[in-house]
Amino acid sequence: MQENSYITRDQMAAADADDLVTYNRPFGAVVTDVDYFVEEVRRTLQTKYGDKALYDGGLQVRSTLDPRLQDIAVRSLRAGAARL
């Protein structure tokens with residue numbers, strides 16, 4: 001992000017100093033309204049690794065999806081579309 005001028009060097013240094021915190025969802029947990037996100041991940045993997053690896057290679061995928069933020073985004077999108 002710093003290389004692309006989205007954050008300053010000071011912001012990068014502060015982020016580097018912080019611990020990375022992750023949250024695991026239970027295996028098989030279902031999150032609603034993620035079809036577009038999941039499809040984009042699938043396309044990216046297909047382009048990078050090909051069909052055989054994608055469907056037969058035993059890939060295990062971990063993503064940046066935050067179910068709470070996804071729910072907020074979907075509700076906002078629907079509310080905006082309804083206002084139109």
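This table checks each residue for (1) in contact with a helix residue (DSSP H, G or I) (Cβ under 9 Å, 6 or more places away or on another chain); (2) among the hydroxyl-bearing types (Ser, Thr, Tyr); (3) farther than 25 Å from ALA53 by Cβ.
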site: GLN2; (1), (2), (3): yes, no, yes
site: ARG9; (1), (2), (3): no, no, yes
site: MET12; (1), (2), (3): no, no, yes
site: ALA17; (1), (2), (3): no, no, yes
site: ARG25; (1), (2), (3): yes, no, no
site: ASP35; (1), (2), (3): no, no, no
site: VAL38; (1), (2), (3): no, no, no
site: VAL41; (1), (2), (3): no, no, no
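Restricting attention to the range 17-40, and to residues there that are aliphatic (A, V, I, L, M) and farther than 18 Å from ASP71 by Cα, which single residue is modelled with the highest pLDDT?
ALA17
Evaluate the range 4-16: report whether one residue or more is exposed (fewer than 11 other Cβ atoms within 10 Å of the Cβ), under 29 Å from ARG75 (Cα atoms), of a type outside the set (Val, Ile, Thr) and at pLDDT below 90.
no
Being of a type in the set (Gly, Ala, Ser) and either surrounded by 10 or more Cβ atoms within 10 Å (Cβ to Cβ) or on the phi < 0 side of the Ramachandran plot (or both) is the filter here; which residues of the range 21-56 pass it?
Matches in the range 21-56: ALA29, GLY50, ALA53.
Surrounded by 10 or more Cβ atoms within 10 Å (Cβ to Cβ), free of Cβ contacts under 8 Å to residues at least 12 places away in the same chain and not acidic (Asp, Glu): does that describe THR64?
So THR64 fails the test.
Is there any pair linking a residue in the range 9-20 that is among the β-branched types (Val, Ile, Thr) to one that is at pLDDT 95 or above and not in a helix (DSSP H, G or I), with Cβ under 7 Å and at least six apart or on different chains, and which?
none
Check LEU77, LEU59 and return the single one that is aliphatic (A, V, I, L, M), surrounded by 10 or more Cβ atoms within 10 Å (Cβ to Cβ) and in contact (Cβ under 8 Å) with a residue 12 or more places away in the chain.
LEU59
The values are calculated or read from the model by the stated rules, or taken from the named source; none is laboratory data. Bear in mind that the values here come from a model prediction, so they are computed numbers and not experimental data. Cβ: placed from backbone, ideal geometry, glycine included. Neighbour counts: every protein chain shown.
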